[in-house]
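The values are calculated or read from the model by the stated rules, or taken from the named source; none is laboratory data. In this text the structure is predicted, and so the values were computed from the model without any measurement. Here the Cβ is made from the backbone with ideal geometry for all residues, glycine too, and neighbour counts use every protein chain on show. Areas reflect the complete protein model, heavy atoms only, side chains present, ligands, DNA and RNA absent. Shrake-Rupley method; radii C 1.70, N 1.55, O 1.52, S 1.80 Å.
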Amino acid sequence: MLSRLSKSLNFRNFSTNLRLNQTISGWTVNKITKLKDFKNSTLIELGHEIGSKFLHYDTPDQENFFSATFRTIPNNSKGIPHILEHLSLCGSDKYPIRDPFFAMIQRSISNYMNAWTNHDYTSYLFSSQHEKDFYNLMDVFTDACFFPRLNVNDFKQESWRYDFNLGDEKTIENMQYKGVVFNEMKGTVNSFDHFYEHNLFQNLLPDTMYRNSSGGDPLEIINLQYQELVDFHKKFYHPNNCYFFSYGNFNLVKQLEFLSSNPLKKYFKKHSKRKFPLFKKAKSQGELAKGHSKKTEKELQEEINLLYQKELQSPIRKKIKCAASILKSYNCTGPDDEREVAISINYNLGHITDPEQRFALGVLIRLLLQGQSSPLYKIIDTGLTSGYLSETGLDSSTYNDLLIIGFEKVCVKNIDLVIEKIDAQIRQFCEQLGNLNNKDSANGDKVVGGDGVGDINKRLERVIHQIEINEKQIKIGKGIGLMSKVSLWIHNKSIFESFNISENIKKLRSNIQNKSNYLGDLLEKYLINNKSKLELIIQPDQSLENEIENKLNDQIELAKDQMKNKTKLFKKILKQSKQLEEYQSQINDFSVLPSIGVNDISKKIPNNYPIDLVRQVDGVPLKFVFQDTNSFIYMDLNYTLPSNGLFPKNLQPYLPLYSMCVSQLGTQKLNRKQLSDEKLSSTTYLGSDTFLKTDINDSMKFSQGINFSSGCIKSKLGKMSDLLYQVIFETNFFQDLKHIERLVKQSYGSFSGSVASSGHVYALSLSRSQLSEQSRLNELMGGYTQLQFLQSILENPNWLEVASIFQQIHQIVLQYGELRPMIICEKNEIDSVISSLGTIIKSSSLHSLNSQKQVIQSASKIETKIPEISSYVDLPFPVNYVARSYKTNLNFLSKKVAAFLVLAPLYRANFLHPWIREIGGAYGAGAVFKPINGIFSFYTYRDPNTTKSLSSFDKVIKTCQNGEFDDKSIELAKFELFSSLDSPIGITNRGKGAFWGITKEMKQQMRDNIFKVNKYDLINASNILDNSKHSSSIIGKVPKDFK
């Protein structure tokens, strides 16, 4: 029901005309702030009589976002918040079907849809550009939050249960633990991020609820009882504990009235006989039904007591061991003092509510850590460590603000030395901060260290520049990105002020100018004199491999022994297993769900970004894409080897290393530190990557190249172009061989650390690598085989040879590569861009004219031991990643491509999700088709099975060959596909399809073909898959009979 006030509105959004204390449908406007740093943007905070809070970011952006967040405080590690997040999305009062969340994926054209569990809150979130779709999702999500069915069978499926593998005889001996969250967390505990965070909280925040795992410990999950989950929902999923957030250009009043007239009114009606106070404010809190009003001060304080950690009496040091696979790249053999550990110094900064201090601390921490001339980077330069831990930085995701300063791969014998150096650098930096306003230092005297890199004032300006450009760039998914700021709101940490970047910078400059040693005093308070300090040392240990798995095996064996003497208990488990199977096989009436219609999907391509202008400059075509970039300019300088050219085979595995290092090694004019500083001062980024360009007419033909890319605010265009010129034509590969070693070690550590969390990506790459030369090269350069190659380099290092190989690659790029620039900018920047690129274009032409074949011939003589590509990787993971790929021999322009694009979401929703996730217990499963190379793939994620999942892939194809799906399934698969195809494109990627030769006409033809796909086409596509060459891969525990 709409109020009279909103009915009279004729303009786009009422939010910019709201006034303080105004009431709309039970909501009262508490605060309004116009965001000066963002065009036509306003932030509005409201509160509802029943206790709910609403924060709206009003902006012209059409990518609208919504979230409902509940503070969820666990009192154990059974994973109740996490499991409840899953269970809430398994059906509700209004939508009483299994898994409406996954069903909505195919009934929506959303850009994003998810739910996640943080340390002390749980969020349900989505984004959509389509208003009807937006409210459909709001209805489904809010009903799921406030009125979930919490079916006991869903509880067993999603949390944990005793059960049996499909096809196994149901005996006590075959009994095992199963459950989606159980298997998810078995996979998660093998990641360093999870291990580190859990031990950090247990030791630095020991008196708070953060010592518990909100996600769940597998050893604790198996003790969870259904009623505990029901009670948890009753306690925390209450309107007075809900924080709504929305972003975009949809009418705020309509959103407020929807919430008041639907979930909030329904909740009040369900739990109280009193009339819901929809339009007028209650005279007093006593008017509201008991238990359904705003939280009392006592209740709020009780929550804070669970979240706030008081100051420790003194700093502590904790040494912890972990399984070797968690820190796979670390040395954990040989003499004890040569083994490697991860070291971190962790500070509890307390609950910082002062916005000026919060911003200043953020700047201060960047000064300490950011860039190769920063004080703490000097420790990396010593060679005592290979780099920062990925966790390093300020963490404001909890009620307490934390600072983490971590270093990876430190030898045991150097632990004390590294910790001493961290402390010494911080103290030295604190002393030097006193010179920040010193006129001599402002005129260029060196303030930090003795490396001649520059003074603190210059580094301060670099940090401020990075903060400003990070805020001002146009980004997709901005609503989702703002969830980190929503965390500030939930924890009462001055969210409004965090948006006022210009004002924060102005106040920072004023404080530095007018307050003696302002930053130095903050450093002393929060770091040097902080007793709440934890020195955390984590060492990998091979003897701890499979520790959790072994403990779970002990638990299941104990349970089996008990059941041998308790036949009634085992019969109960058999009965529950049968009930769950019957429940999972029930046919759902998905017609109750709201859905977009075919007419809601545009027949025309919604996101087409053509090349707007091609300007020839000295024979080089500059391709321009004109966009509103908020005064930013982005460049891609592609050097493509001609005529389907490739680099020599022996150089292929070095290409990713080369592209990572070339922009970080220094030039003839700038050493690596100076180059790092200049990049921070003048660009949004500057780097390079290798690429494979596929022939659209023949997926088996392709060529290679290197892309140098950068971005900047338009006032820095000349400087950015000069830096690009220096990196491309003046890089000195032999200036600092130690830095090459450091970068390779960092790359190896990053690769190895990602396998546990992204194993499906590596499994997919392995399975595809057996089917085409292009896929083989992709695996060699970016898959698990690249990880093995990095390991071989580190085992037998010769950094002079590596630098020589980089130089050989560079010469091939310059002498054979055809320069093809692409620029994304505003139209009035054409002339300045062309002028800035003049030197690069002329130099590229000169190198190309002087090309000599002996460059490639000499490069071909380099001996390189290339690892063999295997179809499996045997790792001690508690869960697996399984993939299978099929070579269809189709190219991008084939009409049959459309059928395979539709087939992937149809396979996922109709078969893979129910068979592999719901019944099999894997966290996820899916299918994907790449039209550019014609390869169709299946995959599973955190899967307790291996060969059974491979058999499911076969079964999916056979089922579809038999036509066991209906026209509605096809329509829904198309909805899911269009949701993906029509999602917003990041500004730096706009026009890239056209740049590589994919025209608007080609994309429109493919879209037309997708609309036309019918059941016969999908059966035929399944037949093609059944007769196609295929390859399977497994990452995890590989069965002995796997081939």
For Glu547 paired with Thr567, estimate the spin-label separation in nm (one decimal), with each label point 7 Å from Cα along the Cα-to-Cβ line. 4.2 nm
Cut-off 19 Å, label point 7 angstrom out along Cα-to-Cβ of Tyr583: give me the residues of the stretch 86-127 whose amide nitrogen falls inside. 86-103
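At a Förster radius of 51 Å, what calculated FRET efficiency corresponds to the Cβ-Cβ distance of Val598 and Gln555, to the nearest 0.05?
On the way: r = 51 Å, r/R0 = 1.00.
Taking R0 as 51 Å, the efficiency between Val598 and Gln555 is 0.50.
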Carbon/sulfur fraction of accessible area - the chain, other protein chains in place, 1.4 Å, %: 47 percent
Rolling a 1.4 angstrom probe over the protein heavy atoms, how many square angstrom per residue are accessible across the chain? 40 Å²
Probe 1.4 Å, all protein chains in place: accessible area of Thr392 in Å², nearest 10? 30 Å²
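Given the peptides 783-792, 998-1007, arrange them by the average over their residues of other C-beta atoms within 10 Å, most packed first.
On the way: 783-792: 21.2, 998-1007: 15.3.
Averaged packing, sorted descending, gives the order 783-792, 998-1007.
Among the chymotrypsin sites (Phe, Trp or Tyr not before Pro) within the stretch 119-215, which fall in a DSSP loop and have no more than 12 other Cβ atoms within 10 Å of their own Cβ? Let's see the in-between values first.
On the way: sites: Tyr121, Tyr124, Phe126, Phe134, Tyr135, Phe141, Phe146, Phe155, Trp160, Tyr162, Phe164, Tyr177, Phe182, Phe192, Phe195, Tyr196, Phe201, Tyr210; in loops: Trp160, Phe164.
Passing both the DSSP loop test and the Cβ count: no residue.
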Let me know the charge dipole size of the chain about its Cα centre in debye, to the nearest 20, where only the beta-carbon of Lys, Arg (+1) and Asp, Glu (-1) is charged. 2560 debye
What is the distance, in nm, between label points placed 7 Å from the Cα along the Cα-to-Cβ direction at Glu1001 and at Ser845? 3.1 nm
Ordering 471-483, 887-899 by per-residue average of other C-beta atoms within 10 angstrom, highest first, gives 887-899, 471-483
With the dipole of the chain worked out from charges on the C-beta (+1 for Lys and Arg, -1 for Asp and Glu) around the Cα centre, which of Ser894, Pro218, Ala68 lies farthest toward the positive end? Ala68
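Arranged from highest to lowest average of other beta-carbon atoms within 10 Å per residue, in what order do the peptides 549-555, 317-323, 41-47 appear? Provide the component values of the computation, followed by the final result.
Details: 549-555: 14.3, 317-323: 16.9, 41-47: 19.6.
Packing proxy ranking, top to bottom: 41-47, 317-323, 549-555.
Based on Cβ point charges of +1 for Lys and Arg and -1 for Asp and Glu, what charge dipole magnitude is obtained for the stretch 892-1026 about its Cα centre, in debye rounded to the nearest 20?
Computed about the Cα centre, the dipole is about 400 debye.
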Compactness of the stretch 917-1043 as Cα Rg over 2.2 N^0.38 Å, two decimals: 1.25
For the residue pair Ser591 and Lys968, what label-to-label distance in nm results when each label sits 7 Å from Cα along the Cα-to-beta-carbon direction? 0.6 nm
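Per DSSP H run of at least 4 residues, take -39500 (n - 2.57); add these up for the chain, divide by its residues and hand me the 222 nm value, nearest 500 deg cm²/dmol.
-12500 deg cm²/dmol
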Just from the alpha-carbon atoms, what are the Rg and Dmax of the stretch 157-231 in angstroms? 15.2, 48
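Can you tell me the alpha carbon radius of gyration of the stretch 470-527 divided by the globular rule-of-thumb value 2.2 N^0.38 Å? Present the calculation step by step, with values, prior to reporting the outcome.
Numbers: Rg = 14.6 Å, N = 58, 2.2 N^0.38 = 10.3 Å.
My calculation over the Cα atoms of the stretch 470-527 gives 1.42.
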Give me the three principal axis extents of the stretch 187-232 from the C-alpha atoms, as integers in angstrom, largest value leading. 31, 27, 12
Nearest 20 debye, what's the magnitude of the dipole of the stretch 865-922 about its Cα centre given +1 on Lys and Arg Cβ and -1 on Asp and Glu Cβ? 320 debye
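Over all directions, what mean area does the Cα convex hull of the chain project, stated in square nanometres?
Numbers: hull surface 169.8 nm².
If you wrap the Cα atoms of the chain in a convex hull and average its projections, you get 42.5 nm².
When the chain is fully extended, how far beyond the present Cα-Cα distance does Lys39 get from Ser484, taking 0.36 nm per residue of separation? Mind showing how you got there, number by number?
Values: separation 445, 0.36 × 445 = 160.20 nm, distance 2.10 nm.
Between Lys39 and Ser484, full extension yields an extra 158.1 nm.
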Of Ile537, Ile548, Gln627, which is farthest along the charge dipole of the stretch 524-629 in the positive direction, counting Lys and Arg as +1 and Asp and Glu as -1 at C-beta? Ile548
Using a 1.4 Å probe, how large is the accessible area of Glu85, given in Å² and rounded to the nearest 10? 20 Å²
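Under the rule a/c < 1.5 gives rounded, and otherwise a/b versus b/c splits prolate from oblate, where does the stretch 637-751 land using the Cα gyration tensor?
Working: a/c = 2.18, a/b = 1.39, b/c = 1.57.
Cα axes put the stretch 637-751 in the oblate bin.
If r is the Cβ-Cβ distance from Asn1014 to Phe164 and R0 is 35 Å, what FRET efficiency results, to the nearest 0.05? Please report the intermediate quantities before stating the final value.
On the way: r = 40 Å, r/R0 = 1.13.
My answer for the efficiency is 0.35.
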Zone of Ile505's modelled label, taken as backbone nitrogen in the stretch 666-696 under 14 Å from a point 7 Å along Cα→Cβ: 681-684
Candidates per GluC sites (Glu not before Pro) in the stretch 309-357, loop by DSSP, up to 13 other Cβ within 10 Å: Glu311
Can you grab the distance from the C-alpha centre of the stretch 622-664 to the C-alpha centre of the stretch 701-761, Å, no decimals? 10 Å
